[in-house]
1. Looking at Gly348, Gly339, Gly357, which one is open to solvent by 10 Å² or more (accessible area, probe 1.4 Å) and either on the phi > 0 side of the Ramachandran plot or modelled with pLDDT of 95 or more (or both)?
2. Kindly indicate which of Glu77, Glu94 is in contact with a helix residue (DSSP H, G or I) (Cβ under 9 Å, 6 or more places away or on another chain), in the same structural domain as Thr130 (by TED's automatic domain parsing), under 26 Å from Gly240 (Cβ atoms) and modelled with pLDDT of 90 or more.
3. May I ask you to list the residues in segment 403-424 that are in a helix (DSSP H, G or I) and open to solvent by less than 10 Å² (accessible area, probe 1.4 Å)?
4. Look through segment 111-124, keep the residues that are within 12 Å of Ile148 (Cβ to Cβ) and open to solvent by 30 Å² or more (accessible area, probe 1.4 Å), and return whichever of them is nearest to the ligand (Cβ to nearest atom).
5. Name the residue that is farthest from the chain's Cα centre (by Cα), counting only residues in segment 198-226 that are assigned to a strand (DSSP E or B) and away from the ligand (no atom under 13 Å from the Cβ).
6. Would you please name the residue that is farthest from the ligand (Cβ to nearest atom), looking only at residues in segment 227-275 that are under 24 Å from Ile16 (Cβ atoms) and among the basic types (Lys, Arg)?
7. Among Leu302, Leu296, which is the only one that is assigned to a helix (DSSP H, G or I), without any contact (Cβ under 8 Å) to a residue 60 or more places away in the chain and more than 16 Å from the ligand (Cβ to nearest atom)?
8. For Ile16, all conditions in the list (1) within 21 Å of Leu268 (Cα to Cα); (2) in contact with a Phe, Trp or Tyr (Cβ under 9 Å, 6 or more places away or on another chain) hold save one; what is the number of the exception?
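The values are calculated or read from the model by the stated rules, or taken from the named source; none is laboratory data. None of the values given here were measured: they were computed from a predicted structure. Positions of Cβ are backbone-derived with ideal geometry, glycine not excepted, and every protein chain shown enters the neighbour counts. Only protein heavy atoms, including side chains, enter the accessible area calculation; ligands, DNA and RNA are left aside. Shrake-Rupley method; radii C 1.70, N 1.55, O 1.52, S 1.80 Å.
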Amino acid sequence: MPHRAERPYHPDTRFIHGRFHSEHWNYADHIVPPISSSAAYRLESVERGGAGFQEFANPEFRPDQHAPIYIYDRLDEPVRGMLEENLALAEGAEVSACFATGMAAISGALGVLSKAGDRIVAHNALYGCTYSLFKNWYPRLGIEVDLIDVRDPDQLAKALEPDNVMVVYFETPVNPTLDLIDIAKVTEQVRAVNKARDPKHRRVFTVVDNTFATPFGQRPLEHGAQVVVHSLTKNLNGFGTDMGGVVACHSLLQPDLLLYRKDFGAPLAPKSAWPVLVHGLPTLPLRYRQEQASALKVAQFLEAHPAVARVVYPGLPSHPEHELAQRQMRDRDGEFAPGTLLYFILKGSPQEARDRGADLINHVAQDALAITLAVSLGQVRTLIEHPSSMTHAPIPVEDQVAGGIDPGGIRLSLGLERAEDVIADLERALATACPDA
Ligand SMILES: *Cc1c(COP(=O)(O)O)cnc(C)c1O
C-alpha cells in the first residue's frame with residue numbers, strides 16, 4: 001500500500017494537501033499550516049550552527065528531503081519552504097524557490113543562468129518591467145539581450161548562433177496581446193543547438209513566464225522548458241492581497257538560486273507565503289475553472305458586439321493560434337484551459353479607438369461594480385486596463401501602432417463575479433463610449 005504522500009490523488013486534491021508530509025515543519029495537530037514569524041532561529045550548539053551553514057544550498061542536503069537546520073529567514077524558513085514544495089509539485093518541477101515579487105523571481109532565475117559577456121534571447125513583447133530589466137539594467141551588467149520574434153524559426157535560429165547565448169526567455173500567453181508561443185517548437189530548436197555545443201560549454205536554458213496560464217492551465221516543463229517563473233501576486237495568490245514570485249526548475253539549479261537569494265535578498269516573506277499556501281493554491285482549480293468559463297462568455301459577447309473590431313481569447317476559434325492553444329493549454333484532466341484573460345480591440349481609426357478606449361475605461365471606473373479599473377490580474381475581482389492610455393500613454397498613437405500596441409486594445413482579467421454582471425457593465429460602458437455602434 002503506498003503511503004498517502006505517494007498515492008495518485010487527483011491534482012486538484014494535491015493543490016490542497018501538497019505532499020502531506022514536509023521536512024520543513026513537523027506539525028502534528030494543525031490542519032492549517034501554521035504561520036511562522038522569526039527572523040533568526042535558536043541554535044542549541046555551535047556545532048548545529050556550523051552544520052546549518054554547511055548544509056545550506058548544499059546539493060547533498062535538499063531541504064525538501066532532509067529536515068533543514070534553520071538559521072535565518074533569508075536562507076530558509078518553514079512556511080516559504082512548505083509553499084515551495086507545493087508549488088514544485090503543482091508545476092511538475094523537482095524544486096522551486098520563492099521570491100518577494102515576480103520580478104525578483106525573474107531576476108533570480110536569469111541571475112543564476114547568465115553573467116557578464118553572456119547573451120539572452122527574448123521574445124520582443126514582454127511584461128513591462130521585464131522589458132525594462134532587459135533594456136535598462138542588463139546592458140549595465142554586460143549582459144546582451146536580443147529581442148526577436150521567437151515564433152519565427154529563422155529569427156530564432158539566427159539569434160541562437162552566437163555561442164554566448166545562455167537563455168531563451170518568453171511569456172505565453174504574451175502580455176497583453178495574448179499571442180501564444182509554441183513552447184515545444186522553441187525548445188526543440190534550443191535542444192538542437194545544445195546538442196551541437198561543445199559538451200564542456202554551458203547549455204542554453206529555456207525560461208518561460210507562466211504567470212497568465214498558472215500551473216493549473218499549462219505546464220511548460222512538460223513541453224521541454226527547463227525553468228518556469230511566476231508572479232505569485234496574480235492567480236496563484238488569487239485574492240490580490242500579497243506580492244510574490246517563484247522559480248520552478250530542476251534540483252541542479254536549487255543551490256545557485258538559494259545562494260543568489262541569500263546574497264541579493266528579496267526572499268518571499270513567510271507572511272506573504274502563507275496566503276498562497278493556505279488560500280491561493282487550494283482554491284486555484286476552482287477559481288480558474290470559474291474565471292475561465294466567464295472569460296469565454298464575455299469573449300463571445302464582445303465578439304458579437306458591433307463596436308468591437310476583434311477579440312483575442314485563446315478559447316475562441318477565431319484566435320490565430322487556436323490550434324496551438326488546444327495543444328498547449330491543458331489542465332491536469334487534459335481539458336482545454338484557454339485561460340482567464342482576454343484582450344479586445346475597439347473599432348475606429350487609431351486616434352478614435354484610443355479615445356473610445358479611454359472613455360470606456362473611465363465609464364467603467366465611475367459606474368461599474370463588477371469590473372474594476374486597475375493594473376494587475378488574476379484575482380477574484382474582474383480587472384480592466386487600457387495599455388494605450390495607461391502604461392503606454394507617453395508614446396504617440398502613431399508610434400504605438402508601429403510598435404504593435406493597439407490604441408483601442410483593452411485587457412480584461414476575469415474574476416469570480418457572475419459573467420452576466422460583467423457583461424452588463426461592459427454593455428453600458430460600450431454604449432457610452434461608442435454611441436454610434
Ligand atoms: C505581474 C507580472 C510579472 C511581475 O510580477 P510582480 O509580482 O508584479 O513583480 C511578471 N510577468 C507577468 C506576466 C506578470 O503578469
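1. One residue alone meets the criteria, Gly348.
2. On the way: Glu94 fails: under 26 Å from Gly240 (Cβ atoms).
So the residue among Glu77, Glu94 that is in contact with a helix residue (DSSP H, G or I) (Cβ under 9 Å, 6 or more places away or on another chain), in the same structural domain as Thr130 (by TED's automatic domain parsing), under 26 Å from Gly240 (Cβ atoms) and modelled with pLDDT of 90 or more is Glu77.
3. Ala419, Val422
4. Of everything passing the filter in segment 111-124, Asn124 is nearest to the ligand (Cβ to nearest atom).
5. Phe205
6. Lys271
7. Leu296
8. (2)
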